[in-house]
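The values are calculated or read from the model by the stated rules, or taken from the named source; none is laboratory data. Here the structure is a predicted model, which is why all the values come from computation and not from measurement. No Cβ is skipped: glycine too gets one built from the backbone with ideal geometry, and neighbour counts run over all protein chains shown. Heavy atoms of the whole protein, side chains included, go into the accessibility calculation; ligands, DNA and RNA do not. Shrake-Rupley method; radii C 1.70, N 1.55, O 1.52, S 1.80 Å.
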Amino acid sequence: VPGAVLGPNALGAGGAFSFPGVTANLFGSLTYNATGLVCTALQGSGLPCSATRDLSENNPVTFDNVAGTVTSASRVVTLVSNIDQTTPLDPSNPSLGTVRIFGTIRGSVSVPVPCAGDANSDGAVGLADIAVIIQGWGNTGFPRISGDLSEDGAVGLPDIAQVIQNWGHTCP
């Protein structure tokens with residue numbers, strides 16, 4: 001389901017990961033120009049030999065496997081994943097043929113330097129951070145949950161204490 005949390009999933013050697021059965025929403029377009037037998041088959045199914053299709057019309061899709069690597073250097077986390085999926089050209093008529101979608105997805109994010117007491121990550125320790133802790137008060141779980149500044153798996157007194165100890169501090 002798009003937006004669903006995957007994992008946790010252990011990383012292998014070199015930061016390798018693999019998730020089977022990943023559901024995603026596609027966007028963009030696919031332009032095709034068929035000739036010969038393929039064109040004849042398309043026309044026989046009421047489709048044109050040349051067209052542009054909106055990929056979002058077939059959402060959601062499920063990828064058999066999404067694999068790649070995660071690396072981290074100098075507080076920059078990079079994810080690289082190779083997608084290779086074959087899907088019917090026309091889902092309502094799979095005997096028409098298939099289209100192969102392949103490519104590489106690459107993304108990087110800079111991880112900010114942690115700031116003690118800054119529960120809402122706005123760069124300053126103050127009233128808004130107390131509000132985050134009150135909202136999550138009593139919640140437990142791993143990995144770290146919102147408001148768990150002490151990273152003990154629970155939102156409570158140690159987290160309030162961290163805000164009070166750093167009150168008024170501005171983070172870099």
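Details
- Within region 69-89, none of the residues are open to solvent by 40 Å² or more (accessible area, probe 1.4 Å), out of contact with any strand residue (DSSP E or B) (no Cβ under 8 Å at 6 or more places or on another chain) and of a type in the set (Asp, Glu).
- Remark: Val70 falls outside the filter, which requires a residue to be touching a Lys or Arg at 6+ places or on another chain (Cβ under 9 Å) and among the aliphatic types (A, V, I, L, M).
- Single residue of region 110-138 satisfying the filter (open to solvent by 80 Å² or more (accessible area, probe 1.4 Å) and either of a type in the set (Val, Ile, Thr) or more than 17 Å from Val163 (Cα to Cα) (or both)) that is farthest from the chain's Cα centre (by Cα): Ile134
- Search result, residues across region 33-43 that are without any contact (Cβ under 8 Å) to a residue 12 or more places away in the chain and open to solvent by less than 70 Å² (accessible area, probe 1.4 Å): Gly36, Cys39
- Residue within region 35-42 that is out of contact with any Ser or Thr (no Cβ under 6 Å at 6 or more places or on another chain) and either on the phi > 0 side of the Ramachandran plot or in a strand (DSSP E or B) (or both) present: yes
- Residues in region 93-109 that are under 21 Å from Thr52 (Cβ atoms) and open to solvent by 50 Å² or more (accessible area, probe 1.4 Å): 5 in all.
- Contacts under 6 angstrom Cβ, first residue in region 158-172 being at positive phi, partner open to solvent by 40 Å² or more (accessible area, probe 1.4 Å), 6 or more apart: none
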